[in-house]
Amino acid sequence: MRIKDLVAIVTGGGSGFGEGICVAYADQGAKLVVADINREHGERVATALRANGKQAVFCQADVSQSADMKNLVDTALEQYGRLDIMVNNAGISHPNQPMLNVTEEQFDRIFAVNVKSIYLSAIHCVPHFRKQGSGSFINVASTAAIRPRPGLVWYSGSKGAVTTLTKAMAIELAADKIRVNAINPVMGETALLTTFMGMEDTPENRARFVSTIPLGRMSRPSDIANAALFFADPASELVTGVCMEVDGGRCI
């Protein structure tokens with residue numbers, strides 16, 4: 001198993017990409033803290049993993065809150081005695097719309113969840129990673145960070161911040177043997193799809209977006225999970241500061 005007995009926190013682990021990452025990690029022997037703001041969703045994932053003989057606990061968290069992020073780290077340490085991987089997957093967006101229609105409240109919440117959470121994860125994870133001499137951050141950004149679409153201006157800006165933070169963290173933490181990488185998914189088959197599209201999810205509307213992806217389909221949770229597994233795997237120990245597009249060629 002590629003990450004046997006490594007301990008991972010996965011935020012937004014109750015659905016979509018996060019759930020896919022939790023399943024892939026558990027299948028490869030990791031011990032999971034499934035973090036989600038939605039208790040029902042997070043508990044469903046953790047319960048299903050345990051039913052399949054995996055090690056997983058649920059911890060409710062709003063990743064924009066320092067106390068909640070600290071509790072995630074404390075839960076990992078109390079439950080498993082260590083922490084090896086921090087997956088900053090939780091994210092939100094405003095609906096696809098003209099940039100000036102987004103309210104200040106929406107803007108603040110997007111940056112709190114998508115960007116401040118990276119800062120908070122560093123505050124609470126880095127001391128433990130330094131103490132054990134290793135650790136891995138995996139941040140889920142977006143192709144919107146490097147090839148934005150109209151209508152998602154502020155979301156794109158938040159994800160651009162994630163990719164820049166990833167590279168900056170990677171270079172500063174390299175001396176501590178802490179790796180920091182990011183994944184840039186193309187639009188995916190998740191609950192946020194209609195938010196990104198800004199319209200009803202119909203075959204015709206999907207086709208408009210799929211036509212911009214050279215390989216001819218949207219991303220799936222398993223695609224993102226496989227990238228997250230690569231970054232977590234000790235075999236990728238020389239890889240840091242990478243922001244990997246998982247996009248079917250969208251950003252070429």
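No value in this document is a laboratory result; all are computed from the given coordinates. Since the structure is predicted, the reported quantities are computational estimates derived from the model, not experimental observations. Glycine also receives a Cβ, built like all others from the backbone with ideal geometry; neighbour counts cover every protein chain displayed.
Globularity index of the chain is 0.95 (Cα radius of gyration / 2.2 N^0.38 Å, N = number of residues).
Computed from backbone phi with θ = phi - 60° and the Karplus coefficients 6.51, -1.76 and 1.60, the 3J(HN,Hα) list for the range 52-68 is 9, x, 8, 9, 7, 10, 9, 9, 6, 7, 9, 5, 8, 10, 4, 4, 5 Hz; x is used for glycine and proline. Mind checking which lysines have their Cα closer than 16 Å to the Cα of Lys70? Skip sequence neighbours fewer than 8 apart in that chain. Excluding near neighbours in sequence, the set is Lys116. Close amide H contacts of Gly135 (hydrogens built in the peptide plane, cut-off under 5 Å, sequence separation of 5 or more or a different chain): Arg179. Inter-label distance, Lys167 to Arg217: 3.2 nm, where each label sits 7 Å from its Cα along the C-beta direction. Each peptide in 238-249, 172-183 receives the mean, over its residues, of other Cβ atoms within 10 Å, and ordering these scores from highest gives 172-183, 238-249.
Amide H contacts under 5 Å for Met244: Ala182, Ile183, Asn184, restricted to partners 5 or more places along the chain or on a different chain, H placed in the peptide plane at 1.01 Å from N.
Hey, got the dipole for the range 119-184? About the Cα centre, +1 on K and R Cβ, -1 on D and E Cβ, debye to the nearest 20? Display every interim value, and only then the final one.
Numbers: 8 positive and 2 negative charges, 24 e Å.
Magnitude of the dipole: close to 120 debye.
Relative contact order (percent) for the chain, with alpha-carbon contacts under 8 angstrom and 6 or more residues of separation?
Values: 531 pairs, mean separation 52.2, N = 252.
Value for the chain: 21 percent.
For Lys31, the residues whose modelled amide H falls within less than 5 Å of its own, excluding neighbours fewer than 5 places apart on the same chain, are Asp5, Leu6, Val7, Ala8. Checking the cross-link pairs Lys54/Lys131; Lys54/Lys159; Lys54/Lys167 against a 29 Å limit on the alpha carbon distance flags Lys54/Lys159; Lys54/Lys167 as lying beyond it. Peptides 76-89, 106-119, ordered by how many other C-beta atoms sit within 10 Å of their residues on average, highest first, read 76-89, 106-119.
Phi angles of the range 173-184 translate, via the Karplus equation with coefficients 6.51, -1.76, 1.60 and θ = phi - 60°, into HN-Hα couplings of 9, 4, 4, 8, 6, 10, 9, 9, 9, 9, 10, 10 Hz per residue; Gly and Pro are given as x.
Peptide packing: for 22-34, 130-142, 225-237, the average count of neighbouring Cβ atoms within 10 Å per residue gives the ranking 22-34, 130-142, 225-237, highest mean first.
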